[in-house]
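Notes follow the structure.
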Amino acid sequence: DAGVTQSPTHLIKTRGQHVTLRCSPISGHKSVSWYQQVLGQGPQFIFQYYEKEERGRGNFPDRFSARQFPNYSSELNVNALLLGDSALYLCASSLEPGQETQYFGPGTRLLVL
Amino acid sequence: SQQGEEDPQALSIQEGENATMNCSYKTSINNLQWYRQNSGRGLVHLILIRSNEREKHSGRLRVTLDTSKKSSSLLITASRAADTASYFCATDAGTGNQFYFGTGTSLTVIP
């Protein structure tokens, strides 16, 4: 079975631009969460989506938004990019929000110049 | 801010030795999990321990949880070079659906 997949693997943007990151969960998983991992730090929770609805949001500005599609895949959008948005963006899926174990994708590494 | 804090930040041991890393957290939890991350890529789930459990084993891994001290430890026995990675603890801070990670312990196992 395929694991969580994310695209693209790497991305370079300039300040002020917009970026869209994509995630496909494990087949049968209905919940997707997004995390930001800055170099040298642990992942920080951004969003959780379940059945196309936002179920949780971390302490991130409104420049960050996400959505989940009927096939349970998800997009993370970041507007007006700042240098500090440079990070590894991780997607994790689980069967449902209350399930304890999350399965992570390989991440998208974003560099903002 | 990070919910958890791992200690030590970095650990270097010889192959065959045991590695112990600790995690402290701030709020009540439903469960605590340990993850491994190789070279800044995706995280691999290692073990989950619930708030009503005190110890759990999985292969060469042993996890303990002390909710009164809000702390957990991960022991890797008979370490191998392939265990070289960063290790993170994560808690749900009682939310059930939002996971908060610590700052990580970087483990190097020298062959």
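Summary of values
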item: Among the residues listed as A:R55, A:R15, the single one being over 29 Å from B:T105 (Cα atoms), among the basic types (K, R) and within 11 Å of chain B (Cβ to nearest Cβ); result: A:R55
item: Strands (runs of 3 or more DSSP E) wholly inside region A:1-101 containing at least 2 residues that are touching a residue at least 40 places away in the same chain (Cβ under 8 Å); result: A:5-7, A:10-13, A:19-24, A:31-37, A:44-50, A:53-57, A:74-78, A:87-94
item: Residues (touching a helix residue (DSSP H, G or I) at 6+ places or on another chain (Cβ under 9 Å) and either farther than 28 Å from B:T105 by Cα or of a type in the set (A, V, I, L, M) (or both)) located in region A:18-52; result: A:V19, A:V38
item: A:L111 at pLDDT 95 or above, within 8 Å of chain B (Cβ to nearest Cβ), within 26 Å of B:Y87 (Cβ to Cβ) and in a strand (DSSP E or B); result: no
item: Hits in region B:87-111 - residues which are surrounded by fewer than 24 Cβ atoms within 10 Å (Cβ to Cβ) and aliphatic (A, V, I, L, M); result: B:A93, B:L107, B:V109, B:I110
item: Positions within region B:32-68 being buried (at least 19 other Cβ atoms within 10 Å of the Cβ) and among the polar types (S, T, N, Q), in sequence order; result: B:Q33, B:Q37
item: Entirely in region B:1-86, the strands (runs of 3 or more DSSP E) that have 1 or more residues that are closer than 29 Å to A:S93 by Cβ, of a type in the set (V, I, T) and without any contact (Cβ under 8 Å) to a residue 60 or more places away in the chain; result: B:43-50, B:61-66, B:71-76
item: Complete set of residues in region A:58-96 that are within 14 Å of chain B (Cβ to nearest Cβ), surrounded by fewer than 19 Cβ atoms within 10 Å (Cβ to Cβ) and more than 17 Å from A:Q37 (Cβ to Cβ); result: A:L95, A:E96
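The values are calculated or read from the model by the stated rules, or taken from the named source; none is laboratory data. Because the structure is predicted, anything quoted here is derived from the model rather than measured. All Cβ positions, even for glycine, are placed from backbone atoms using ideal geometry, and neighbour counts span all protein chains on display.
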